[in-house]
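Scroll down for the structure; my scribbles are underneath it.
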Amino acid sequence: MVTEQEIWKYLTEVPDPEIPVLSVVDLGVVRKVDLSEDEIKVTITPTYSGCPAMKRMEDDIVEKLNEKGFGKVSVELVLSPAWTTDWITEEARIKLREYGIAPPENEPDKSVLFANPIVVPCPKCGSNNTRMVSQFGSTACKAHYQCNDCLEPFDYFKCLR
Amino acid sequence: MDKNLFEYLLRLGDDSLILGHRLSEWCGHGPILEEDIALTNIALDLIGQTNSILEYAGKVEGAGRNADSLAFLRFDKDYKNCLLVEQPNGDFGVTILRQFFFDAYRVPLFTMLQNSSDEQLAAIAEKSLKETRYHLKHSSEWVIRLGDGTDESHARIQSALDDLWRYTDELFFSDETDADLKARNIIPDAAAVKTEWQKTVQAVLTEATLSVPTNNWKFEGGRKGLHSEHLGYILAELQFMQRAYPNMEW
Ligand SMILES: [Zn+2]
């Protein structure tokens, strides 16, 4: 009989379609695994409401578990509790940085309209001398930054709470 | 079926749908690349919210309709979005100000809807709020930058304000549908949302050196399905594929 732990391990082999160095588990998208006699139910939560990768993640999870020999797999999408970047694991933050994406910083509450911009260190050279180019980047979850020292443009995985 | 809840979900979902569609019209036309990406990112969030809201509306209605059939296969009088969101994009100032008025309304609305006695509506609000805070930050920063910018940018966004102000009152429209839902603690009091909206709007417009028009013309009708001429053109484009090729899928 398969254990829940094994299923979680298989799920770490399912990559995020947009940031393939991270798995759906690293990202904190998988919330729950339920085993019954003849079915595996995986509960996931979207990063952003309109994230086009969610459907793909759903399909990939089913495909991976089918491949591992589990015939009946269902994926359920829940909205609450809403996903937060706080669920991105420590290990994943290191992987993100190595991949060239700055991981989420501890940002002030968005409801403070005129807060000072946060410092996002450059994932290439580590300099704190960087600037935000745009609050919105290549995907819904990222902002666009540039390093003033090494001039590298980079993505910042923005903090969502 | 809970008729009032269904009606309210259409109002909420159609606001996201129509504004999301309007913003998507900027794709490839943004004044700078970063703004092109920002506006389309916001459009994507809004369409994602639409999907959650209308999918739930379909469940509440219980007549077999889903988010797609509600979004693509209704006639204009069955859309319940407010008039503000269907107004044309105009220049970047008009688009940003329209967005700002909307975001400043949605943030307190979603904040309060998180406490809804309806579990699914509360979950949608909790999810959407996080995204909407980013939208509000973006739009309010631009309103300030344009208002307190050059003579040209100030004149343009002031003219957008003179034009769009008349549509803002409808954001707080409230009828017997709202009264019933309010009594069941499903939705907050529109007046409470308005108080928060006024605080944000006043703070940002002051910082932006913009002034609110003194004439008090107000338009409404969208919540009852009575729209400006613009909605018909939006629907023609939005619905073309499904009307021409029924049930087509990507
Ligand atoms: Zn650098």
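Between A:Asn148 and A:Thr130, A:Arg131, the built amide H atoms are under 5 Å apart, and every one of these is 5 or more places off in sequence or on another chain. Between the exposed loop cleavage positions of chain B, defined as GluC sites (Glu not before Pro) in a non-H, G, I, E, B DSSP state with at most 10 neighbouring beta-carbon atoms within 10 angstrom, the longest gap is B:1-228. Across the stretch B:222-227, rounded Karplus estimates of 3J(HN,Hα) from the backbone phi angles (6.51 cos²θ - 1.76 cosθ + 1.60, θ = phi - 60°) give x, 5, 9, x, 9, 10 Hz, Gly and Pro being marked x. For the protein assembly as shown, the residue among B:Trp217, A:Leu22, A:Ser49 whose Cα projects farthest onto the positive side of the dipole built from Cβ charges is B:Trp217.
Between B:Val212 and A:Met1, what FRET efficiency follows from the Cβ-Cβ distance if R0 is 51 Å, with the result rounded to 0.05?
Numbers: r = 68 Å, r/R0 = 1.33.
Efficiency computed from Cβ-Cβ geometry: 0.15.
Computed from the Kirkwood radius of its Cα pairs, the Stokes-Einstein diffusion coefficient for chain A at 25 °C and 0.890 mPa s stands at 145 µm²/s.
For the stretch B:148-249, the set of chymotrypsin sites (Phe, Trp or Tyr not before Pro) satisfying both a DSSP loop assignment and a count of at most 13 other C-beta atoms within 10 Å is given as B:Trp217.
When a/c is below 1.5 the answer is rounded, else prolate if a/b is larger than b/c, else oblate, so apply that to the stretch A:4-83 with a ≥ b ≥ c taken from the square roots of the Cα gyration tensor eigenvalues. It comes out prolate by the Cα gyration axes. Could you estimate the translational diffusion coefficient of the protein assembly as shown from the Stokes-Einstein equation, with Rh from the Kirkwood formula over C-alpha pairs, at 20 °C and 1.002 mPa s, in whole µm²/s? Rounded to a whole number, D works out at 94 µm²/s.
Which angle from 0 to 90°, rounded to the nearest 10, does the C-alpha axis of helix A:53-67 make with the longest principal axis of chain A? So the inclination is approximately 40 degrees. For the protein assembly as shown, A:Cys51, A:Cys141, A:Cys159, B:Cys27, B:Cys82 have no disulfide-compatible partner, since no other Cys C-beta lies under 4.7 Å from theirs. Taking every C-alpha pair closer than 8 Å and separated by at least 6 residues, the mean separation divided by the residue count of chain A gives a relative contact order of 18 percent.
Within a Cβ distance under 14 Å of A:Glu13, other residues only, what is the Lys/Arg minus Asp/Glu net charge? Here the charged neighbours net out to -3. When +1 charges are put on Lys and Arg Cβ atoms and -1 charges on Asp and Glu Cβ atoms, the dipole computed for chain B relative to its Cα centre reaches about 400 debye.
Charge tally around A:Thr84: other residues with Cβ under 11 Å, Lys/Arg +1 each, Asp/Glu -1 each, net +1. The fraction of all Cα pairs in the stretch B:3-244 landing in successive 5 Å bins from 0 to the largest distance is 1, 7, 14, 19, 21, 18, 12, 6, 3, 1, 0, given as whole percents.
Under the rule that an exposed site lies in a DSSP loop and has at most 15 other Cβ atoms within 10 Å, name the longest stretch of chain B with no trypsin sites (Lys or Arg not before Pro) of that kind, not counting the sites themselves. Answer - B:1-183. When you restrict to C-alpha pairs under 8 Å that are six or more residues apart and normalise by the size of the stretch B:133-250, the relative contact order lands at 34 percent. At what distance in angstrom do the alpha carbon centres of the stretch B:192-250 and the stretch B:70-143 lie from each other? The stretch B:192-250 and the stretch B:70-143 have Cα centres spaced 9 Å from each other.
In this Cβ point-charge picture (+1 for Lys and Arg, -1 for Asp and Glu), the protein assembly as shown has a dipole of about 380 debye about its Cα centre.
Taking the Cα centre as origin and putting +1 on Lys and Arg beta-carbons and -1 on Asp and Glu beta-carbons, what dipole magnitude results for the stretch A:90-157, to the nearest 20 debye?
For this selection, approximately 120 debye.
Contact order, relative form, for chain B: 25 percent (alpha carbon pairs under 8 Å, 6 or more residues apart, mean separation divided by residue count).
For the stretch B:59-125, the square roots of the Cα gyration tensor eigenvalues, ordered a ≥ b ≥ c, give a/c of at least 1.5 with a/b no greater than b/c, which places it in the oblate category. Here the stretch A:67-98 is scanned for amide nitrogen atoms under 12 Å from the site 7 Å beyond the Cα of A:Thr43 along Cα-to-Cβ, giving A:76-82.
Selection among B:Pro108, A:Pro117, B:Ala67 by position relative to the dipole of the protein assembly as shown gives B:Pro108 as farthest towards the positive end (Cβ unit charges, Cα centre).
Quick note: the coordinates plus some simple rules give every number you see, no bench work behind them. Fair warning: this is a prediction, and the values are worked out from it, not measured in the lab. Reconstructed Cβ throughout: ideal geometry from the backbone, glycine too, with neighbour counts over all protein chains shown.
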